[in-house]
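Enquirer: After the structure tokens below, expect a handful of questions from me.
Each value in this text was obtained by applying a stated rule to the coordinates, not by laboratory testing. On a predicted model such as this, the values are computed, not experimentally measured, just so you know. Methodologically, a virtual Cβ is constructed for each residue, glycine included, from the backbone with ideal geometry; neighbour enumeration extends over all protein chains shown.
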């Protein structure tokens, strides 16, 4: 490199081909040329840069080694963390599997409980529907067999209250049908059949105690006789002396007249044909009267108004003819029979087909798949 610089600094000329003698001082100054200084500075600069570059490279290598070691440590730590995370993931996956199994079991239990609840609800609804159907059937039987309007009303009211307590919307149509039947029953004229039955029973119970017209007694208008005084002994002097007094003969005549009056009875009967009964016939009269009233009671339950009124009128006629009309018990019994005979027991009763049909439709809709 110095040779090249020297070759560049010293241009060659034709005269240089022949050596020219040069003096010694001139040759010594040629070694201290400024180009040498520049070259030296350049070399020094290049060396300094090289050294600096080597230092930087060394530092860089050290930094890279440090970072590589840190990276290795971080990688090792990351590997450990990754292993730990993998172990945790495995544990979590195991727990997740257990939870999924428990969830599946819970879902199956929930489905089973749902099915059980639906079955219970369906069974409860079926029980309520059966209870309502029994109540409506009982009400219909009360109307058709016993004509018991109040009993039918109570049965339908119980059914309606049961549906209201259940509170399900699917029973609304059934409640409407029950309400219409209830309104029709409540609008009917009321006949107190149990009360009429009790009044008939009261008359039947007092028949044996009613006095007959032929066995009446006339009230004694005279005051009761004074008590008989103790008579003296017939062997005493006082007895023979009392026979001679007028008071003795007056008491004797009064006693004789009283005995004669007890042998004959005079009675006023306010009838053209007095109903006289021989001894023993009063028993059959009372039993036949009871049979009449029992027939009237059966006709009351059967709603046979013609038979009911006929038996009561016949029983009232027997009471008027054969029993003492002055007795209070006879008058009360006669008044009861006349009031019962004037009561209408035949009522045009409605049926409960609407409610029964509504129950059948509801049951058919529930059983439809």
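Enquirer: Under the 0.36 nm per residue contour assumption, what length would be gained going from the current alpha-carbon distance of residue 144 and residue 87 to full extension? Let's see the in-between values first.
Expert: Values: separation 57, 0.36 × 57 = 20.52 nm, distance 8.31 nm.
Extra length from residue 144 to residue 87 when fully extended: 12.2 nm.
Enquirer: Tell me, what is the FRET efficiency for residue 256 and residue 284 to the nearest 0.05, using R0 = 35 angstrom and their Cβ-Cβ distance as r?
Expert: Calculated value: 0.30.
Enquirer: Could I ask something else about it? Please compute the Cα-Cα pair-distance distribution of the range 40-145 with 5 Å bins starting at 0, giving whole percents from short to long.
Expert: In order of increasing distance, the bins hold 3, 8, 6, 6, 6, 5, 5, 5, 5, 5, 4, 4, 4, 4, 4, 3, 3, 3, 3, 2, 2, 2, 2, 1, 1, 1, 1, 0, 0 percent.
Enquirer: Moving on to the next point. Using Cβ counts within 10 Å as a stand-in for footprinting exposure, how do 51, 196 rank, fewest first?
Expert: Listing 51, 196 from fewest to most nearby Cβ atoms yields 51, 196.
Enquirer: Quick one: if you stick a label point 7 Å off each Cα along the C-beta vector at residue 67 and residue 95, how many nm between them?
Expert: The modelled label-to-label distance comes out at 3.9 nm.
Enquirer: For the range 299-369 and the range 92-106, write down the distance between their C-alpha centroids in whole Å.
Expert: Cα centroid of the range 299-369 versus Cα centroid of the range 92-106: 75 Å apart.
Enquirer: If packing is taken as the average count of other Cβ atoms within 10 Å, what order do 56-67, 320-331 fall into, highest mean first? Display every interim value, and only then the final one.
Expert: Details: 56-67: 10.5, 320-331: 15.9.
The densest-packed peptide leads the list: 320-331, 56-67.
Enquirer: To continue, here is another question. For 149, 128, what ranking results if the residue with the fewest other Cβ atoms within 10 Å of its Cβ goes first?
Expert: Working: 149 21, 128 17.
With the fewest neighbours first, 149, 128 line up as 128, 149.
Enquirer: Taking 7 Å along the Cα-to-C-beta vector as the label spot, tell me the residue 112-residue 54 distance in nanometres, rounded to one decimal.
Expert: Taking the two extended label points, one gets 8.6 nm.
Enquirer: Moving on to the next point. Arrange 295, 208, 181 by Cβ neighbour counts within 10 Å, fewest through most, would you?
Expert: So the ranking, lowest neighbour count to highest, is 208, 295, 181.
Enquirer: How far, in nm, would the chain grow between residue 332 and residue 344 when pulled straight, counting 0.36 nm per residue and subtracting the alpha carbon separation?
Expert: 2.3 nm is the gain from fully extending residue 332 to residue 344.
Enquirer: Would you kindly state how much longer the chain becomes between residue 197 and residue 40 on full extension, computed as 0.36 nm times their sequence separation minus their alpha carbon distance, in nm to one decimal?
Expert: 41.2 nm
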